[in-house]
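Asker: Take a look at this one; I'll ask things after.
The values are calculated or read from the model by the stated rules, or taken from the named source; none is laboratory data. Source: prediction; values computed, not measured. Each accessible area value is taken on the protein alone, full model and side chains, heavy atoms only, with ligands, DNA and RNA left out. Shrake-Rupley method; radii C 1.70, N 1.55, O 1.52, S 1.80 Å.
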Amino acid sequence: MYSRCMSTSERLIESTRELLWERGYVGTSPKAILERSGAGQGSMYHHFKGKQDLALAAIRRTAEELLATAEGVLTGPGTPYERIEAYLRRERDVLRGCPIGRLTMDPDIVASDELRAPVDRTLDRIRELIAQIVEEGKEQGQFGPQLDGEEIAATVLATVQGGYVLARASGSPAAFDTGVRGLLSLLRS
C-alpha cells in the first residue's frame with residue numbers, strides 16, 4: 001500500500017493513523033498494522049516499544065497535522081467572522097469523521113493520560129484560537145459585546161464534532177452543513 005521509499009517506521013505510523021481513524025485503538029491490532037504497512041513481523045517492536053508507543057506517535061502526527069490545518073485557516077486573512085467561517089466550511093471528509101474527535105470516543109485513549117494528551121492539546125489550541133478571534137471581532141464591532149469568546153469557541157468545536165456525528169449517523173454530509181449554516185447565522189446576528 002505504501003511506497004517502499006518510505007521508511008518502515010513511517011509506514012507503521014501512517015498505517016496506525018489510518019487504522020485508528022477507521023477502527024479506534026482497541027480495533028487496531030498489531031497484526032492489522034503490520035498487514036497495512038507491509039512491514040515484517042518484528043518491525044513494530046524494532047522501531048517502537050509496543051502498540052501504545054506506536055499509537056502515540058500516530059496520534060501526535062495526526063494532531064500536529066490537524067492543528068496546522070486549523071491554524072492556517074484561523075490565522076489566515078480575513079475578518080474574524082470570515083476566518084471562523086473558513087474554518088467551519090473548510091474541506092473535510094465529513095462522513096469519515098474527525099481523526100482526533102473520534103479518538104475521544106475510544107475508552108482506551110480517554111483512559112490513558114499519555115494517549116489523550118495530544119488530543120487535548122489540539123482541541124484546546126483550536127478553542128483558544130477561536131476565542132481570540134471572537135474577542136478580536138468584538139473589539140472591531142463585528143460581534144456583539146455580549147458574546148463570550150470561550151463559549152463561542154466551545155460552540156464552534158461542538159458544532160464541528162457534533163456535525164460529524166450527525167453526518168455519519170445519517171450517511172450524508174447535509175447534517176454537518178446544516179449545523180454550520182445555523183451557527184454562522186447566529187454569529188452574523
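Asker: Note the listed values [x] 52; [y] 46; [z] 58, then indicate which one is percent of Cα pairs over 22 Å apart calculated from this particular structure.
Answerer: Checked against the structure: label [x].
Asker: Mind checking which of P107, P118, P173 has the largest fluctuation in a GNM of the chain, springs on alpha carbons under 10 Å?
Answerer: P107
Asker: Restricting to Cα pairs below 8 Å that are 6+ residues apart, what does the relative contact order work out to for region 33-125? Please round to a whole percent. Intermediate results must be reported in sequence, preceding the final value.
Answerer: Details: 49 pairs, mean separation 27.5, N = 93.
Relative contact order, region 33-125: 30 percent.
Asker: Further question on the same structure: Quick one: which residues, 5+ away or cross-chain, put their amide H under 5 Å from the amide H of C98? H built at 1.01 Å from N.
Answerer: Those lying under 5 Å, H to H, from C98: there are none.
Asker: For K49, which aspartates and glutamates qualify as cross-link partners when the Cα separation must be under 19 Å and same-chain residues fewer than eight apart are set aside?
Answerer: E10, E14, E35, D108, D113, E114
Asker: Right, something else. Quick check: with the 1.4 Å probe, what order do R11, R23, R90 take by accessible area, largest first?
Answerer: Working: R11 15, R23 120, R90 50 Å².
Reading off the accessible areas and sorting them downward yields R23, R90, R11.
Asker: Sticking with this structure for a sec: Cα to Cα, under 13 Å, and not fewer than 8 places away if on the same chain: which aspartates and glutamates meet these conditions relative to K138?
Answerer: Excluding near neighbours in sequence, the set is D148, E150.
Asker: So what J values fall out for region 173-178 if you push phi through Karplus, 6.51 cos²θ - 1.76 cosθ + 1.60 with θ = phi - 60°, rounded to Hz, Gly and Pro as x?
Answerer: x, 4, 5, 4, 4, 5
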